[in-house]
Amino acid sequence: MTAAEPPGLETQRREIESLLRDSELRAGDSWYVVERRWYEQWKEFVETGDQNSSSFPGQIDNTELFEDLDSFHLKERLVENEDFMLVPAEAWHRLLAWYGTVDGQPPLERKVVDLPSTLKVEVYPIEIFLCLHSNMENVITAKFSRADSIREFVLMCEAFMVPAGSECRLWMKSSDSSCERLRNVHVSVLDACLSSGMTVIMEMRNADGTWPSSRPQIMRNSVEEQDSYRGQPGVCGLTNLGNTCFMNSALQCLSNAPPLTEYFLQSSYLEELNFTNPLGMKGEIAEAYADVIKQMWSGRHYSVVPRVFKTKVGHFASQFLGYQQHDSQELLSFLLDGLHEDLNRVKNKEYIELRDAEGRPDQEVAEEAWRNHRRRNDSVIVDTFHGLFKSTLVCPECHKVSVTFDPFCYLSVPLPVSKERVMEVFFVSLDPHAKPAQVTPLLVCVCVCVCVCVFQMVVADVFNHRFYKIYNADESLSCILDRDDIFVYELSVLEEAEEQPVLLALYLRERSHYRDYGSGGSSYGTSLFGHPLLLSVEQRHCSRQALYQLILQRQTDRQAGRHTERQTDRQASSRRHAMASEPPAEQRPPACHTTEEEQEEDKQEEACSPSPPANQQPERRKRRKSLFTIQAVNSNGTTERGMGEGGTQPYVAIDWDPDMKKRFYNENEAEKYVKHSSMEVPQQQTTVQLQECIELFTTVETLEEENPWYCPVCKKHQLATKKLDLWSLPEVLIIHLKRFSYTKFTREKLDSIVDFPLRDLDFSDSLLRKSLSNGEPPSRYDLIAVSNHYGGLRDGHYTSYARNKDNDQWYYFDDSKVTYAREDQIVVSLTSSNS
């Protein structure tokens, strides 16, 4: 390099010494390496003050610092102030301008790095090997400072002639052959833990949206079509990985939100990935979502397998681990929140103290709230999906009014619930010849249907051959779930009863004999069958002997001439249960010939010796074998307990010998029931307008006891009234219909049809803010996607409808299957849950 005319020697000395003295090490600054012998000669030259001195240093020459003059690699173990000097960038540029350099020698620029304990000029930079994933044999070597950003590695694009606009990602390969993604390209080489000898691999995204290193499974019709298929971008199915239809439905809806999809397709997210947000997922959710979107919109797949995305979601949200069915709205809520935090442009969130309105105008308070929200939350999700509520709380005691404005990402609107309820129950008549009737109303309604007094009926929930609950007459119907099997029992009227009758619950059990090797005897276990019974019994008839006769009397058809017929008692039967048929006359047990003590002995004999040999009959007078025995049990029908315990419901088990049950219990007859005429009345399905749901969302409600409001005036928690109003709406509005209803007693899915427009859904009457500034979203919306749920609360299937942003055509997405859809199909039937 040719030198310019230098200033005087004294001026040179003074300027350089001043720069050396005043320059401090600052991370990222550049300093330059100068060979010590040349520097000392220059120093001697300027100190003599003689321009013609023989100590003139000539051009800057660092030859002694290089191993060779071809690679210009520094020699190993050079020592500062012995082999070289370090000068700040300004001093170097002045020396270079005055003296120039030996032809061909590169300047030895070095960066100041911030090491854990000190700032230091990095004389020996890191030497990294660079290559492309597609051609790992072609390796080049490059030097990087520890202070350099990983973005410096994009210079590889020029070295390997990568086409402009290609999306690339970097991998770090250490000497042990393990690879790790360099996700955050904004960190330094030092923070990325790169060291000399490592290899950095550049990988370019394929045209179909996949990555060569982790190409997912693609659903195609044939191998030949793997590279030749060209379809409409965005019209791509998602494979069900096992109960992941909820995820597929949510992804298809979000994929067809144009602003967000364009943001990812244009790779704008790469510049906004937030790797330091403690509330985020280190950019992994955003990257996984971007991969799915780019594959779906490449136009080269019939269907893709979102396995990597599913794994990432399960990693950061454990509720989605495994392959259980979930709510698509819950997945959508998590995804939007995760994308927002991963793409939040605010790297350091400041603390902001929220203020109440305190009488200020709504416009002022709303603008302050939105401004505060954007100071902590600024992302493409906020730009696209966030709106603003106005929340008004009124204390019922001091009438303090609290007004706040809160952001929202979606509207969860309730469905109008009818106060009427249709229930199916089984009425069990006292008439032994009347089959159980399946009816819809309850008690008073049953009273009208079957002409039985309300006071003669008891409602019970029957589950697994036992009473799950016996209801009191004053209990609310809300504690009965739709899935419960409800039976209404008719009870006999005990006229002239001297004392309060006992409501006796009877279970049917079958004995199974087994050998007790511990005692050397035999015993028996029991198993419940059929449906339980309810009897109203006087207390004086609660002995085993009296109960046996009472139950037997209920089962015996006393009509003459029918002693040999198999008559079934239906007094306490259900659609699947009838009591035993009457035995032939010659086999009936006597009505009442034994004392209670003898009956108890018979019970013990039957338990221990169910089938004694003929020559080993007891010496006492012979008795006919009973149809069944009676045991006092608990509510589960298993553990024996004393009878007549005060304050508790008595339960009794009727234990059948297997032979007796087989002989006298008619299982076919037990399955029969008749449908009441009320069952034939078709149920009218309700239809509500979406606008009704929105209006219900903005009605005044009283806070629940579990969620009170602390009144700053009363200084205590109050069940205040609350009203939500819409202040501002986002560009893309998500409406969640709350079809799944959860209360203290019930969990059900509301099956009302919700009618909604496909175009021009107008919120102008619902918005408090009437004047919109330029550039803000309008109050009218066109439908772009619907998430559907078919089935019940515990099961079902999710699909979706969506309108493609490129061709405005509607499509129906059912996991990996995609079909055209008409607009008249979008408002779906009664079992749909729309988001």
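The values are calculated or read from the model by the stated rules, or taken from the named source; none is laboratory data. Keep in mind that what you see is a predicted model, and the values were worked out from it rather than measured. All Cβ positions, even for glycine, are placed from backbone atoms using ideal geometry, and neighbour counts span all protein chains on display.
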## Note on the structure
For L238, the lone unmet condition from (1) surrounded by 22 or more Cβ atoms within 10 Å (Cβ to Cβ); (2) at pLDDT below 90; (3) not charged (D, E, K, R) is (2)
### Query
Of L132, L74, L95, which residue is in the same structural domain as A27 (by TED's automatic domain parsing), closer than 22 Å to M198 by Cα and crowded, with 17+ Cβ neighbours inside 10 Å?
L74
### Summary
The residue that is nearest to L260 (Cα to Cα), considering only those in region 366-389 that are touching a residue at least 40 places away in the same chain (Cβ under 8 Å) and touching a Ser or Thr at 6+ places or on another chain (Cβ under 8 Å), is V380
### Message
Tell me which helices (runs of 4 or more DSSP H) are completely within region 325-442 and hold 3 or more residues being basic (K, R) and either buried (at least 17 other Cβ atoms within 10 Å of the Cβ) or at pLDDT below 90 (or both), or say none if there are none.
### Response
none
### Query
Would it be correct to say that S54 is farther than 23 Å from E17 by Cα and loosely packed, with under 12 Cβ neighbours inside 10 Å?
no
### Message
Against the conditions (1) out of contact with any strand residue (DSSP E or B) (no Cβ under 6 Å at 6 or more places or on another chain); (2) within 30 Å of W92 (Cα to Cα), where does V112 fall short? Just the number, please.
### Response
(1)
### Task
State which residue is surrounded by the fewest Cβ atoms within 10 Å (Cβ to Cβ) when the search covers only region 721-770 and only residues that are part of a loop (DSSP other than H, G, I, E, B), at pLDDT below 80 and touching a Lys or Arg at 6+ places or on another chain (Cβ under 7 Å).
L750
#### Entry: Residue within region 243-250 that is in a helix (DSSP H, G or I) and out of contact with any helix residue (DSSP H, G or I) (no Cβ under 6 Å at 6 or more places or on another chain) present
yes
### Task
Would you please name the residue that is nearest to G58 (Cα to Cα), looking only at residues in region 16-26 that are exposed (fewer than 15 other Cβ atoms within 10 Å of the Cβ) and under 60 Å from the mean Cα position of the chain (by Cα)?
D22
### Message
Just to check your reading of the model, which residue among G209, G165 is out of contact with any strand residue (DSSP E or B) (no Cβ under 7 Å at 6 or more places or on another chain) and either farther than 30 Å from H301 by Cα or buried (at least 18 other Cβ atoms within 10 Å of the Cβ) (or both)?
### Response
G209
## Note on the structure
Flagged pairs (Cβ under 8 angstrom, 6 or more apart or on separate chains; first in region 750-769, among the aromatic types (F, W, Y); second surrounded by fewer than 16 Cβ atoms within 10 Å (Cβ to Cβ) and part of a strand (DSSP E or B)) are F756/Q689; F763/R780
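Which of the following residues is exposed (fewer than 14 other Cβ atoms within 10 Å of the Cβ) and touching a residue at least 40 places away in the same chain (Cβ under 8 Å): T63, T118, T101?
T63
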### Query
Among the listed residues F84, F56, F45, which satisfies the condition of being closer than 30 Å to I128 by Cβ and not assigned by TED's automatic domain parsing to the domain that holds D191?
F84
